[in-house]
Amino acid sequence: MSILASIKKLMRLSFISKELTSQESEQLQLAISALMIEMIRADFIELQKERQIMHDVLTASMDLTESETEKLIENAETHSDYTISLQLHTSVINNFLNRSEKKTFIKNLWIMANIDDELHDLEMNLLSEVAGLLGFNQIQLKQLCKAS
């Protein structure tokens, strides 16, 4: 299975267990997208391949049009530029996703970090911080990463 197919399968937002209002859905989409942007930026090398996979995954998993995806990514980049703490994004995810869905999201971030076949220490630090803010310790994070 390709990386893109793996992420799409894992990240299907239409299967979230909790019913969300339109506003809640937008908040969740923005939080997820912003953290994906952070992962792409973490190693200070933004590859077109990473951006394209993020775009494709967001379009498919969130049932968005191309223009909606582009607008979401633009908003996520702006949020990422002006956000001091990851806690803003992880608190939204904590509000709307259950533990299983958060595991799926962490697995997706792990896959994104490895798209270029190189896991940079800064990517691992970001993943570790996000996992901690989502309620997972280092042992649980290692188990999630091994399972991906």
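Rule-based calculations on the coordinates, nothing more; no lab input. The shown structure was predicted, so the numbers you read here are calculated from the model rather than taken from an experiment. Virtual Cβ from ideal backbone geometry, glycine too; neighbours counted across all protein chains shown.
Just a few scattered comments:
- Gaussian network model of the chain, Cα within-10 Å springs - most flexible of LEU109, LEU28, LEU47: LEU47
- Within segment 114-144, GluC sites (Glu not before Pro) in DSSP loop having at most 13 other beta-carbon neighbours inside 10 Å: GLU118
- Spatially near lysine pairs across the chain, Cα under 13 Å, sequence gap of 8 or more or different chains: 7
- The residues ILE139, ILE115, when put in order of fewest to most other Cβ atoms within 10 Å, stand as ILE139, ILE115.
- Neighbour-count order for LYS107, LYS146, fewest beta carbons within 10 angstrom listed first: LYS146, LYS107
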